[in-house]
Amino acid sequence: MAKLRVGVVSPEREIWSGEADMVIAKTVDGEIGIMPQHAPVLGVLVEGGVLRVKREGKGDLVAAVHGGFISVADDEVSVLAEVAELGSEVDVAAARDALERAQASIEADQEDADAAIEAKRAKARLRAAGEEV
């Protein structure tokens, strides 16, 4: 069976690269699932999304992805994230603390855009780590 070549990078580092059977990402137009022989596409990733890379015989690779782009062409998937973190790297206690601080800021000021973004990021980090939000 054909495989996808996947690369996930952020400005700081290469997060992951390898072969996969399917990639699922959330874009501003909705969730997209990519399998081998997918039509070329370029999508804008949402703030606070979760990327899932499905690999046969191995567990899913899950990452919190905060903005950026996903590009698909010729069975190659490139995820160019503004910020990304593998679920296995997430400090769950720190993410929960960040979520609590952001929610407290939102309760104090419903229009606090920075707190809303921080809450989305913390929730994505927790989901990537396999935690309930």
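Points worth noting:
- When we screen A64, A102 for residues that are without any contact (Cβ under 8 Å) to a residue 24 or more places away in the chain, outside any loop (DSSP other than H, G, I, E, B), open to solvent by less than 80 Å² (accessible area, probe 1.4 Å) and in contact with a helix residue (DSSP H, G or I) (Cβ under 8 Å, 6 or more places away or on another chain), the only hit is A102.
- Segment 29-53, subset closer than 11 Å to I70 by Cα and among the β-branched types (V, I, T), residue farthest from the chain's Cα centre (by Cα): V41
- Failed condition for A25, given (1) in a strand (DSSP E or B); (2) open to solvent by 30 Å² or more (accessible area, probe 1.4 Å): (2)
- Criterion (touching a residue at least 40 places away in the same chain (Cβ under 8 Å) and on the phi > 0 side of the Ramachandran plot) met by exactly one of G30, G7, G48: G48
Residues checked against (1) small (G, A, S); (2) closer than 22 Å to V28 by Cα; (3) within 12 Å of the chain's Cα centre (by Cα):
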| residue | (1), (2), (3) |
| --- | --- |
| A81 | yes, yes, yes |
| A95 | yes, no, no |
| A98 | yes, no, no |
| I117 | no, yes, no |
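- Residues that are among the acidic types (D, E) and either exposed (fewer than 15 other Cβ atoms within 10 Å of the Cβ) or farther than 20 Å from A116 by Cα (or both) are absent from segment 47-54 altogether.
- Lone unmet requirement of (1) surrounded by 13 or more Cβ atoms within 10 Å (Cβ to Cβ); (2) outside any loop (DSSP other than H, G, I, E, B); (3) in the same structural domain as R13 (by TED's automatic domain parsing) for G33: (1)
- Within segment 3-22, the residues that satisfy the criterion of being part of a loop (DSSP other than H, G, I, E, B) and either within 16 Å of A64 (Cα to Cα) or open to solvent by 40 Å² or more (accessible area, probe 1.4 Å) (or both) are K3, S10, P11, E12, R13.
- Residue within segment 55-72 that is over 21 Å from D21 (Cα atoms) and among the charged types (D, E, K, R) present: no
- Options V50, V77; residue that is under 15 Å from L126 (Cβ atoms) and assigned to a strand (DSSP E or B): V50
The values are calculated or read from the model by the stated rules, or taken from the named source; none is laboratory data. Note that this is a predicted model, so its numbers are computed, not measured. Here Cβ is always computed from backbone atoms with ideal geometry, including for glycine, and neighbour counts include all displayed protein chains. All accessible areas refer to the heavy atoms of the entire protein, side chains included, with ligands and DNA or RNA removed. Shrake-Rupley method; radii C 1.70, N 1.55, O 1.52, S 1.80 Å.
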